[in-house]
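Quick one: structure below, then a few questions.
What follows draws every value from the coordinates through simple rules; no lab data is involved. Here the structure is a predicted model, which is why all the values come from computation and not from measurement. With ideal geometry, Cβ positions are generated from the backbone for all residues, glycine too; neighbour counts draw on all protein chains shown.
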Amino acid sequence: MADADETSKQAERNTNVGDGIAVKKQDIARAKNEGKELTKDEKQRLRKEKKQQKKNKKDDKGESEHENVPLPPSQAVVQCQSQKAPSVAPSLALTPVSVCTSEKPAKSKAEQRAERRARQEADRAAKGKKGESAQQPPSGKSKAPPNELQPVVKRLPEHVQVDDPAAVRKLAKKLERQQIPVRSEYGYKVSLFSHLHQYSRKAPLTQQISIPSTVIHPYIVRLGLQYSQGIVAGSNARSIALLHAFQKVIQDYKTPPNEELSRDLVNKLKPYISYLNQCRPLSASMGNAIKYVKKEISNIPCLCKEEEAKKQLLSCIDNYIKEKITLAATTISAYAIEKISNGDVILVYGCSSLVNHILCDAFDKKRKFSVIVVDSRPRLEGREALRRLVKKGICCTYVLISAVSYILPEVSKVFLGAHALLANGYVMSRVGTSQIALVAKAYNVPVLVCCETYKFCERVQTDSFVSNELGNQYT
Amino acid sequence: MVFLILYSTLAMIDVHSFKRTMPVTDKEVALSERIEAFLAELKRGGSGAGTLRGSGETARETTALLRRITGQAQWSSAGDLMEIIRKEGRRMMATQPSETTVGNMVRRVLKIIREEYARLRGSSEVTDQQESLHQLLTSGGLSEENFGQHFKDLRANVIEAINELLTELEATTDHIAMQALEHIHSNEVIMTIGRSRTVEAFLKDAALKRKFHVIVAECAPFCQGHEMATSLSEAGIETTVIADAAIFAVMSRVNKVIIGTQTVLANGGLRAVNGTHTLALAARHHSTPLIVCAPMFKLSPQFHNEEDTFHKFVSPHEVLPFTEGEILSKVNVYCPVFDYVPPELITLFISNIGGNAPSYTYRLMSELYHPEDHEL
């Protein structure tokens, strides 16, 4: 009874929300009745409506999942909602929804599913009223457009939407749900970068995690700390550390009863990934590695025993590291050594593990060359590269990036490493790399970029502002 | 007369050598002491680190010293005076070759002497400079002036002219800053590098009337950009400091680049603090105008391909400190101070006499210096 009441109220609410855009619906209805195809505008409006309803459902679910408040009768609440809804003006069609989510108590899952089903039926009924002839396309559209549009909407990453309070709130909610501490932002922000996170460096993220941590695996906690303090830095190093940590997680994992390993393990990994993202934003290589691991996990057949599945996963990860990182480095090095001739003066910037590997290999193959290491404040990563090369016995020079136009006339080649390779062919790398390339072009010096394929990424970007990571301003 | 000339040359030789047998007069002693003190300061102040004297101060002190030499040294004709000043000038330039303002002031004073001499002699000489090729051909080679004639008023006139030069020097920064509002509009993002007193005054003057944002590149390893940024923000300008590596990354948001320089070369190029060439290339790539605020006393008749005098290096301790230990002995470390910026990367020069294109530099030089003084 209560359910029936609820569903009817929900249907009423939907139509009230629908009333807000009733005018447009009438147009659409008219067009459908006349047998014409819906125009693009009308189709878009339909899709927007669908999305709105989906968002309502998601918000409901999000609120109810972490409620500790005891269940008052939901009926009364629903009644007051329906009383409010008609008085709301059409342009504020959203407010009944927000009022609903702030006041509403927890609903059980069964109730929610019932609601959802009822809503869908109500929608279909409403559609049916408008005309049977045009029913096929709308119902087809009602299923297809959300899937079509969702990738476009989801693709806008949250780390470039910091100036949008809705996106920030969404992220905070998600982290709260996964029980991961949120990183605090710095008080005074640089206006040029107001769309990016500017984190306060006062307290590390892990201070708010209790010991022993039950939600996050201790290996992951350690890894996150290593990332945020800069102990593990560099694209390859971070990916390898991440994959090793995942191996440990998989080893310690035990499938809970009534759950499948392939689905549950992926869900277990999600909060870890959010936590690592909070410690330090994920790199493109890490993103690709995570995608691979998730794919492997979900491809595990359901009849597989837990021990076998774990062994398979561990060996998959080992293969990935071996193929995509270690062997790739060897292959790239073999190609690159052909480009190094005797008497070359090679310029490198910062510390790229791949470029160091290439130079060490070339030195082992008895090529005669000298290296100029260019470094920049404040991280001064070039000193690490300098130490490694000098230890090998290569003849090195060291300058800061402001002296690069002085030293470039002596250089014959420039070797650069990459953090990611974007879909439009642009290279994303440590700040200052573009400067080196620019000055090298002015002096007609060839620039070679070395990058493994697992760092390829589908994003596109044209300047350094739209998406970036801000470092510590106090060094 | 002859005795006097001998006497004065003796005194000059005294000044030049450290083994002084007997100070001739108190004035001579005082003068020579002043010169030695100035040379010592020049040598010390050019180490790159520590308190860098602004070129304006150096120019003023050089001119004051030259005025003193004109007033107190023993000379009878313009030629003598010019010889004295050339000798002193060469000594001063040898002490600190990178400090070009010293040489520039010496050349200005030489030109003043020539002009005053010509005026006293007869005004026809004033216009008879190096203007036309025809005149050079018909007059039979270089002019055979020997400046031997003695004029009573020459000393006073020259000193007065040098005083005018000093007044001009004191007012250069203000004249440049007065032009600020013509070039900066509101809500602009301006980029600069390192520390330049001229640019500081320029931006502060504009900030009195307009609101804009300044990005300062810190210019490692001495990081003078930090001082510049604090000074600008004290004047109420919104300032951001960036590392040198981020110059190109940030350039897409910048509307104008305004820099100072150490020297303006004869072809319109610059000898500026290191990192400026990168800044200029990034500005050209993004088609951002590059404006150089340089007073006229920085204009030097040198060209940049004088290899041994162009670059100056300081201790690489700032680049790779001694704490790095073992690898230090196996590594070459460089710390150059200056960069060459070719004239095609520069949009505009703003000086105390107004704005100029880099291609106009040759003309300004011919007004300031006599061609025979280019090589002292």
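Need the C-alpha centroid separation for the stretch A:394-466 versus the stretch B:208-240, integer Å.
Computed from Cα coordinates, the inter-centre distance equals 28 Å.
Something else now. Suppose each label sits 7 Å from its Cα in the direction of the beta carbon; what would the A:GLN473-A:GLN120 distance come out to in nanometres?
Distance between the two pseudo-spin positions: 5.0 nm.
How large is the dipole of the stretch B:316-376 about the Cα centre if only Lys and Arg carry +1 and Asp and Glu carry -1, each at its Cβ, rounded to the nearest 20 debye?
Values: 2 positive and 9 negative charges, 35 e Å.
Using only the charged Cβ atoms, the result is roughly 160 debye.
So, with +1 on the Cβ of K and R and -1 on the Cβ of D and E, and no other charges, what is the size of the charge dipole of the stretch A:177-324 about its Cα centre, to the nearest 20 debye? Write down the numbers at each step before the final one.
Values: 21 positive and 11 negative charges, 100 e Å.
Dipole magnitude for the stretch A:177-324 comes out near 480 debye.
Which cross-chain or sequence-distant (5 or more) residues have an amide H under 5 Å from the amide H of A:GLN198, H modelled 1.01 Å from N in plane?
Placed amide hydrogens put A:TYR186 under 5 Å from A:GLN198.
For A:LYS189 and B:PHE313, what is the calculated FRET efficiency with R₀ set at 56 Å and r taken between the beta-carbons, to the nearest 0.05?
On the way: r = 40 Å, r/R0 = 0.71.
Efficiency at R0 = 56 Å is approximately 0.90.
Arranged from highest to lowest average of other beta-carbon atoms within 10 Å per residue, in what order do the peptides A:243-249, B:148-154 appear? Walk me through the numbers on the way to the answer.
On the way: A:243-249: 19.4, B:148-154: 13.4.
Sorting A:243-249, B:148-154 by mean packing, highest first, produces A:243-249, B:148-154.
Using only atoms on other chains, find how many Cβ atoms lie within 10 Å of each Cβ of peptide B:328-339 and report the average.
Details: counts 2, 1, 8, 9, 7, 7, 8, 5, 7, 2, 1, 5.
That average works out to 5.
Can I ask one more? Quick one: if the Förster radius is 30 Å, what FRET efficiency do A:LEU314 and A:ALA423 give, using the C-beta to C-beta distance and rounding to 0.05? Each step should come with its number before you reach the end.
Values: r = 32 Å, r/R0 = 1.06.
About 0.40, to the nearest 0.05.
For B:VAL333, which sequence-distant residues (separation of 5 or more, or a different chain) have an amide H within less than 5 Å of its own amide H, given hydrogens modelled in the peptide plane?
Residues meeting the criterion, in which the H sits 1.01 Å from N, are A:TYR398.
Follow-up. Along Cα→Cβ, 7 Å out, is where each label goes; now give me the distance between the ones at A:GLN251 and A:SER370 in nm to one decimal.
That separation, rounded to one decimal, is 4.8 nm.
Using +1 at the C-beta of Lys and Arg and -1 at the C-beta of Asp and Glu, which of A:ASN299, A:GLN312, A:THR331 has the Cα lying farthest in the positive direction of the dipole of the stretch A:296-370?
Farthest towards the positive end: A:THR331.
Summing Lys, Arg as +1 and Asp, Glu as -1, what charge do residues with Cβ under 14 Å from the Cβ of B:ALA156 carry, B:ALA156 excluded?
Numbers: positive: B:ARG67, B:ARG119, B:LYS152, B:ARG155; negative: B:GLU116, B:ASP153, B:GLU160, B:GLU164.
Its environment carries a net charge of 0.
Turning to a different aspect of this structure: Need one value for A:442-451: mean number of C-beta atoms belonging to other chains within 10 Å of its residues' C-beta atoms. Write out the running numbers ahead of the final one.
On the way: counts 8, 1, 0, 0, 0, 0, 0, 0, 0, 0.
So the per-residue partner count for this stretch is 1.
Suppose the chain between A:GLN229 and A:LEU448 were pulled fully straight at 0.36 nm per residue; how much longer would it get relative to their current alpha carbon spacing? Numbers along the way, then the final one.
Values: separation 219, 0.36 × 219 = 78.84 nm, distance 3.05 nm.
Going from the current span to full extension adds 75.8 nm.
I would also like to ask the following. Roughly speaking, what is the stretch gain from A:ASN342 to A:LYS294, that is 0.36 nm per residue apart minus the C-alpha to C-alpha distance, in nm to one decimal? Display every interim value, and only then the final one.
Working: separation 48, 0.36 × 48 = 17.28 nm, distance 4.58 nm.
Stretched out fully, the A:ASN342 to A:LYS294 stretch lengthens by 12.7 nm.
Still on this structure, please answer the following. Taking the simple approach of a point 7 Å from Cα along Cα-to-Cβ for both A:HIS244 and A:LYS305, what is their distance in nm?
Each label point lies 7 Å from its Cα, and together they span 3.1 nm.
Could you list B:TYR362, A:TYR406, A:TYR272 in order of exposure, starting from the residue whose Cβ has the fewest other Cβ atoms within 10 Å? Please report the intermediate quantities before stating the final value.
On the way: B:TYR362 11, A:TYR406 20, A:TYR272 24.
In order of increasing Cβ crowding within 10 Å: B:TYR362, A:TYR406, A:TYR272.
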